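A short write-up of the structure that comes next.
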Amino acid sequence: VMLGLLVFQDVMIGLILALLPTLQGSLGQFVEEFLSAMLRLGCFVMLSLILAEFVLPSLSERLDAAKSQEVFTIGCVFFCIAMSYLSEEMGLAIELGAFTAGIMLSESRHKGRVEDCISSIRSIFSAIFFISVGMMIHWRYFYQNFMKMAALLVVILLIKTLVMGL
């Protein structure tokens, strides 16, 4: 249950990062953008499930058949970058795509090999992630949109309470 809650929170962070730019408009624009973002997120999740079920297994088998650690590593990194690009092209946070790719690779048949090849570059990607999120924060923006941020916080807490209750 706790792992599921943590995954849900990570997905919600991606949604929040996608919605932050919309807080500058009116409430109607915010609601419209929120619903649009939820639709894009739903499409991204469905596409990710399809890729995880039908594309990733054959891709990982082909990478494994190369019998080269370097080829396998490059293939895994390329898959993560491709998912990040897809996420960004759909108007979602690039971090959400990378996170989704990581989950997909960690659930593949070759997860042990994926862990071995990715462990050497994991710290670099972690640093890039936290630096990019930190660079998105503009304190003046939060101050000017305090009421909208408070409303978004209430919505997030209500959704989280509902999910935890279920």
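A few points about this structure:
- Degrees, to the nearest 10: 94-106 long Cα axis against longest axis of the chain: 40
- Stokes-Einstein translational diffusion, segment 53-111 - Kirkwood Rh over all Cα pairs, 1.306 mPa s, 10 °C, in µm²/s: 136
- Max mean-square fluctuation residue, GNM over the chain, Cα-Cα springs under 10 Å, options 118, 131, 156: 131
- Globularity index of segment 99-166, i.e. its alpha-carbon radius of gyration over 2.2 N^0.38 Å: 1.65
- Within the chain, all pairs of alpha-carbon atoms sorted by distance into 10 Å bins from zero give the percentages 9, 33, 34, 17, 7, 1.
- Excluding same-chain neighbours fewer than eight residues apart, the aspartates and glutamates reachable from residue 67 by a Cα-Cα span under 19 Å are 115, 116.
- Relative contact order (%) - criterion: Cα under 8 Å, at least six apart; region: the chain: 23
- Between helix 69-89 and the chain there is an angle of about 20 degrees, using the helix long axis and the longest principal axis of the Cα atoms.
- Cleavage-rule hits (trypsin sites (Lys or Arg not before Pro)) in segment 32-134: DSSP loop, at most 16 neighbouring Cβ within 10 angstrom: 67, 109
- Cα-based helix-to-principal-axis angle, 27-50 vs the chain, degrees rounded to 10: 10
Read-outs: derived from the displayed coordinates by stated rules, not from any lab. Values in this document were obtained by computation on a predicted structure and should not be read as measured data. Here Cβ is always computed from backbone atoms with ideal geometry, including for glycine, and neighbour counts include all displayed protein chains.
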